[in-house]
Every structure is written in structure tokens, then in C-alpha cells.
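Heads up, the thing below is written out as C-alpha cells.
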Amino acid sequence: MNEEFSIFNIFTMLGGLAFFLYGMNVMSTGLEKLTGGKLEVALKKMTSNKFKSILLGMGITVAIQSSSAMTVMLVGLVNSGIMQLDQTVGVCFGADIGTTLTAWILSLAGVEGDNFFIKMLKPTSFSPLVALIGVMFIMIAKKNKKKDIGRILMGFSVLMTGMSLMSGAAEPLAESPKFREALTAFENPVLGVVVGAGFTGIIQSSAASIGILQAFSRTGGLTVGMALPIVMGLNIGTCVTALISSIGVKKSAKRVACIHISIKVIGTLVLLPTVMILQHVVQLDVFNKTTNALGIAVMHTIFNLVITFMLIPFSSYLVKLSNFIIKETDDEAEEIKRHAVPELDGILLKTPAVAVEACKGASIQMSELTRETIIMGLDILKEYSEESARIIIENEDIIDSFEDKLNSYLLKISKSSVTGNDSRSVSKMMHCVGNFERISDHAVNLVESAQEMHDKGIAFSDECISEIQVITDAISENVNRAFDSYKSNDLAIAHTVEPLEEVVDNLSTELKNRHIRRLQNDECTVELGYIFQDILTNLERISDHCSNIAGCLIETDEKTNLHAYLHDIKENDEKFREEYRTYADEYFSRLGVPKVKA
């Protein structure tokens, strides 16, 4: 083999690696988008049961074809507070098993035979057809889902083309004495581990490293004894991506990367000496036999299965080890207690469906805090409390922080490529988060009105207080209905909000008229009249925002125009009128008003 040929040989191999990495990236991105909704469902079903977690890790890794991406995702989920550290251990094991599928697919390049069906198993045979179908989907399909399928097929075709290029470039090395001499260096298993880890750490893709190793195996100079330590090293090297992703995140998220590395390193420290004993002391003949692409896929799978079954009983100790390596300081523990707003990690933006799920969790947390705050705000009108006033004001600051972080993060998600369902979820959250923040502002306004009366030593009459009690009870009920509908995404509950909101508006009008009569009869002061007017205005606004929340759910999920919907139900919907009469009779009767007509 002359020097010029060897240089072009290297060029071809590097080009094949570039095709491989690009194809893997395109395919993984397409798979993430296509399985976005399924990822959300899986995450919602996340459980502390380690075996279900293993299956989940396997399933998601098979779906997105990247254990590194899965681990990076876990770092982001823990940093965002969606998952606890102990839940990630089983997922890490499952991700390691799931990633072995890539090696089995790549091993198809070594399939030999004259039978038509066997020939069709070879990537060189079916990749062009896969590419053609993929291009047709991308160019002809109108739906994004079909275009994503086309990109997946194109990515897979490019990946397999890269594998074929690497394999073809490696074949001439079989006749090179220098190459065979270089391979003898890998008879040192420790060197094999170091080289495998280093190379994978540089390119940050264990799938590509496995592909290159399988390509080299076609030279016939790679034995099982040489390949197995390299496979172990490749598994360690893939942790570099997780290490990089843990830079700048909370210590709890850093521990995810620590667990991932610990699994690989401990597995290698236990299995490598075992392999060395079997090879050099027991002298098993199998280690001296040459291996091929299929053999490397088998070794890769066995290694990950063995370390999973070996370490899964010690999952809790892996968590303790990560806590020991990355210790939690007193300042960190105090910081966790102080900050109620979860971190929305930028890492999750690489998987938009999971980022959307993180936002859902944060927005529900925000909604519950808002619900608690406004109920306290309504209660403070009945009995002023300095402690309650302080909590409401503090909560409002936290809710403001929620809005800032969520809106900024949701805007980033909306700029990425998301599915139709995820896009609707983002739209709902952006609208509802703003309404939550406005409601908390009105809670503070109610506190200011109550505080003003408390500081000046003035109070409403018993009649006025009982009237306020009626309207605040109606608003409390509507707040709970609107917030429950958002939390559970229940449209049936959302449809009951507008009739009650209409009742609140009419209650407000009735109370204003009554208060004007009291002013005219000198039964109330002008100063109290202004305060009462401010309170009623804030109460009306709170009910309006409840209507906005429910209306946003209905408009987005039922794909209807909200204004047209409201006009239609008020004019033509008998169910709406019936619900309105029921609520009106309940609350107006407490004011001594006869049954109200819709």
C-alpha cells in the first residue's frame, strides 16, 4: 500500500465519520420530535420502581438513538426539579442497554450471502431506497409529522452510507504489515480502555466509535481480547457529554453525570481484571479469535447487560457515592429552601418535548401558588392579618419570578421545532402564566385596601361585610374551577367557569347599586365608598382572569374563536343559561334577591 493511497484512505474514513455523525444527528433530532408526546407520557409515568425506570431508559434511548442525549436530558430534568436523583439511576442503566441497538444495526454491514433477501439486509442495498423514500416524504408531504419521518429516513441513510465509507476505507488495511503491528499494541487491555475512552470523549458519540471499531474489524486483525477492552473504554468515553452538560448546573444535576460515570468505571474496574484473568491465566481460546462487526455488537450488549445486573442491586449506594463525591454544603441546602422557582435548564431545549413538560410542571407550581395567594387575599378582606399580608406580598414576588422565567423559556421553545401538540401547550402556558401573575397583583391590591382600613381604624358595616362575603365566595369557587381546569387540562370544568363569571359581574353591579344607596342615605362615608369601589374592581378583574384561563383552554384545544364562542353560548346555549340560573339563585338568594332570570 503506497503513501498516497493511505492518505486518501484516511480522507475517506474521515469523510465516512462525518457522514455518520451528521446522519446520527439528523436521525436523532427527527426521532425526538416524532416521539415528543410519547416522551411526555413516559415522564409523567416516571416511578421509583427501578425496573420500570430501566425499561423507560431503554425505550427513550431506542427512540432517540443516543444514550448521551438521554443522560444530558436527565441532567436537565434533575436541575429543573422534575425528577429526583434516585429516579435517574434505573434510567441510566436502561439508556446503556438501549444504545446497544445501534451496534446491532451497524453490524448488518457484514451480512454476506447470495440470497436476494439476505442481500437486501446489507445497508449498501437498502440505504438508497430508504434515502429515496425519505426525500419523497420531505418534498411531497404537507404534514410536519411526515416530513419528520422523511428526515429520520434520510438521517439513517446518511449514517449507513458513512458506515459503508468507513468500512471500505478500512479494508485495505488488512494487507498492511504496519497496521497489524500497530494492532499488537492493543494486546495491552489497559491501553485499549484508555484509547477507547479518549477517542469517544473527543467525538462524543459512542455509536460512532462502535461503528469505527466495527469497520476496523473487517480487516480481520482484531481479536476478541483486543476489542473487548476498547468497547469498555468506549462506554466510559461517552460520559464526556454528560460531564460537559453538568457544567454550571446545580449539584444535584452534577450527581447525575457522576452516577453515569460511576456505572461505567465500576463496571470496567470489575470486568477488566476478570477478562485479563480469563485471557492470560485461564487462557481461554475465545480471546485469541478474530471478531467482526456482529461480534463487537454482542460484546457491547453483554458488557452493558452485565454491569446493569451487577450494579442494579446497589442503586442506592451509587446515589450515596455521588453524594459523597459531590457533597452538599449548608449554603446549598439553604438555597434550595429559599428558591421556590425551579430552574428551567437550557439543556432541555435540545429535546423540546421534555422542555415543554418541564414548563408544564413549573406553570402548575405557579398556578397553585397563585391559587393559595388569591384565596388568602380574599380572606384578608374579612379579617386583616399582618402575617397574611406579608405572605401575600412575598408570594407575589415569587409569582413575578415564575412569569419572567417561564415566558423567557417558552419563547425559546417556540423558536425551536416543536410538534403541533407541543406548540398548543406552549401557547396555552404563555397566555395562562400572564393571567396567574395579574391575579397575584390583584391579591396585593386587596391587601393594600385591607391595610388602609386597618391603619386608619375604619371598617365596613356588617351589611357590607356580608355582601363582600357573598361575592368573594363566588370568586373563590370560580378560582378553584379555573385553576383545576388548568391543572388537569379538563375542558368540562373549564366550560363551567364562564356562567359563574357572568354571575360575579352581576353580583358586582348589585353591590355597587346597594353601596350607592347607603352613601345617599349617609349610612357610609365617602372614604369607605372609594375603598369599596376599589375592592369590587379588583374582584371583578380576578373573575375576568379566571374566565381568560378557562377560555384559553377551550379556544386552544377546541380550536375555536373565543369571542365567537362566548357570544354563541350566551345567546344560544341552553346549558349555559341553566348553569347561570343555578349559580345566580345560589348567590343572589344570600343577598335576599328573588330568583334571577337568565
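The values are calculated or read from the model by the stated rules, or taken from the named source; none is laboratory data. Small disclaimer: the values here were computed from a predicted structure and weren't measured. Neighbour counts run over all protein chains shown; Cβ positions are idealised from the backbone, glycine included. For the accessible areas, the whole protein counts, side chains as well, though only heavy atoms, and no ligand, DNA or RNA atoms are used. Shrake-Rupley method; radii C 1.70, N 1.55, O 1.52, S 1.80 Å.
Residues of the range 452-471 being over 17 Å from residue 539 (Cβ atoms) and part of a helix (DSSP H, G or I), which ones?
Let us first name the residues in the range 452-471 that are over 17 Å from residue 539 (Cβ atoms), namely 454-459, 461-463.
Residues satisfying the conditions are 454, 455, 456, 462, 463.
Within the range 524-535, restricting attention to residues that are open to solvent by less than 20 Å² (accessible area, probe 1.4 Å) and of a type outside the set (A, V, I, L, M), which residue is modelled with the lowest pLDDT?
Filtering the range 524-535 for residues open to solvent by less than 20 Å² (accessible area, probe 1.4 Å) gives 528-529, 531-532, 535.
Still in the list and also of a type outside the set (A, V, I, L, M): 529, 532.
Numbers: 529: 83, 532: 89.
Applying the filter and picking the extreme gives 529.
Residues checked against (1) over 27 Å from the mean Cα position of the chain (by Cα); (2) open to solvent by less than 50 Å² (accessible area, probe 1.4 Å); (3) at pLDDT below 90; (4) closer than 20 Å to residue 89 by Cβ:
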residue	(1), (2), (3), (4)
319	no, yes, yes, yes
322	no, yes, yes, yes
328	no, no, yes, yes
334	no, no, yes, no
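Right, residue 197: surrounded by 17 or more Cβ atoms within 10 Å (Cβ to Cβ), at pLDDT 80 or above and within 30 Å of the chain's Cα centre (by Cα) or not?
Numbers: surrounded by 17 or more Cβ atoms within 10 Å (Cβ to Cβ): yes; at pLDDT 80 or above: yes; within 30 Å of the chain's Cα centre (by Cα): yes.
The answer is yes for residue 197.
Of all residues in the range 235-276, how many are at pLDDT below 80, open to solvent by 40 Å² or more (accessible area, probe 1.4 Å) and of a type in the set (A, V, I, L, M, F, W, C)?
Selection size over the range 235-276: 4.
With respect to the numbered conditions (1) in contact with a strand residue (DSSP E or B) (Cβ under 8 Å, 6 or more places away or on another chain); (2) surrounded by fewer than 17 Cβ atoms within 10 Å (Cβ to Cβ), which one is the sole condition not fulfilled by residue 282?
(1)
In the range 62-71, which residue that is under 14 Å from residue 354 (Cα atoms) and open to solvent by less than 10 Å² (accessible area, probe 1.4 Å) is modelled with the lowest pLDDT? Give the derivation first.
Going through the range 62-71, the residues under 14 Å from residue 354 (Cα atoms) turn out to be 63-64, 69-71.
Filter once more, keeping what is open to solvent by less than 10 Å² (accessible area, probe 1.4 Å): 64, 70-71.
Details: 64: 64, 70: 73, 71: 74.
Result: 64.
Can you find even one residue in the range 426-435 that is touching a Lys or Arg at 6+ places or on another chain (Cβ under 9 Å) and not in a loop (DSSP other than H, G, I, E, B)? Let's see the steps before the verdict.
First pass over the range 426-435, keeping only residues touching a Lys or Arg at 6+ places or on another chain (Cβ under 9 Å): 429.
Within this subset, residues satisfying the condition of being not in a loop (DSSP other than H, G, I, E, B) are 429.
Yes, the range 426-435 contains at least one residue that is touching a Lys or Arg at 6+ places or on another chain (Cβ under 9 Å) and not in a loop (DSSP other than H, G, I, E, B).
Taking residue 290, is it surrounded by fewer than 20 Cβ atoms within 10 Å (Cβ to Cβ) and of a type outside the set (A, V, I, L, M, F, W, C)?
Working: surrounded by fewer than 20 Cβ atoms within 10 Å (Cβ to Cβ): yes; of a type outside the set (A, V, I, L, M, F, W, C): yes.
Against the criterion (surrounded by fewer than 20 Cβ atoms within 10 Å (Cβ to Cβ) and of a type outside the set (A, V, I, L, M, F, W, C)), residue 290 qualifies.
Filter the range 470-479 for residues that are in contact with a helix residue (DSSP H, G or I) (Cβ under 7 Å, 6 or more places away or on another chain) and in contact (Cβ under 8 Å) with a residue 60 or more places away in the chain; which is most open to solvent (accessible area, probe 1.4 Å)?
Step one: filter the range 470-479 for residues in contact with a helix residue (DSSP H, G or I) (Cβ under 7 Å, 6 or more places away or on another chain), giving 470-472, 474-479.
Now drop any that are not in contact (Cβ under 8 Å) with a residue 60 or more places away in the chain, which leaves 470-472, 474-476, 478-479.
Values: 470: 5, 471: 1, 472: 1, 474: 0, 475: 1, 476: 27, 478: 1, 479: 0 Å².
Only one residue tops the list, namely 476.
If the Cβ limit is 7 Å and pairs must be 6+ apart or interchain, which residue in the range 398-421 that is over 26 Å from residue 29 (Cβ atoms) pairs with which residue that is open to solvent by 40 Å² or more (accessible area, probe 1.4 Å)?
Taking only residues 6 or more apart or on different chains, the pairs are 398/340.
Filter the range 205-227 down to residues that are β-branched (Val, Ile, Thr) and within 21 Å of residue 190 (Cβ to Cβ) and give me whichever is surrounded by the most Cβ atoms within 10 Å (Cβ to Cβ). Can you show your working first?
First, the residues of the range 205-227 that are β-branched (Val, Ile, Thr): 210, 212, 219, 223-224.
If we keep only those that are within 21 Å of residue 190 (Cβ to Cβ) too, we end up with 210, 212, 223-224.
Values: 210: 28, 212: 24, 223: 20, 224: 20.
Result: 210.
Name the single residue, out of those in the range 359-387 being closer than 15 Å to residue 452 by Cα and not acidic (Asp, Glu), that is modelled with the lowest pLDDT.
Within the range 359-387, the subset closer than 15 Å to residue 452 by Cα is 377, 380-386.
Still in the running and not acidic (Asp, Glu): 377, 380-382, 384-385.
Details: 377: 93, 380: 91, 381: 88, 382: 84, 384: 88, 385: 88.
Only one residue fits best here, namely 382.
Look through the range 143-163, keep the residues that are more than 27 Å from the chain's Cα centre (by Cα) and open to solvent by less than 40 Å² (accessible area, probe 1.4 Å), and return whichever of them is modelled with the lowest pLDDT.
To start, the set of residues in the range 143-163 that are more than 27 Å from the chain's Cα centre (by Cα) comprises 157-158, 160-163.
With open to solvent by less than 40 Å² (accessible area, probe 1.4 Å) added as a condition, the list becomes 157-158, 160, 162-163.
On the way: 157: 85, 158: 85, 160: 77, 162: 78, 163: 72.
Restricting to residues being more than 27 Å from the chain's Cα centre (by Cα) and open to solvent by less than 40 Å² (accessible area, probe 1.4 Å), the top hit is 163.
Working carefully through the options 467, 463, 437, find the one that is open to solvent by less than 20 Å² (accessible area, probe 1.4 Å), acidic (Asp, Glu) and within 20 Å of residue 587 (Cβ to Cβ). Step through it out loud before you land on a result.
On the way: 463 fails: open to solvent by less than 20 Å² (accessible area, probe 1.4 Å); 437 fails: within 20 Å of residue 587 (Cβ to Cβ).
After applying the criteria, what remains is 467.
If we keep just the residues of the range 494-523 that are of a type in the set (A, V, I, L, M, F, W, C) and touching a residue at least 24 places away in the same chain (Cβ under 8 Å), which is surrounded by the fewest Cβ atoms within 10 Å (Cβ to Cβ)?
Per the criteria, the residue is 511.
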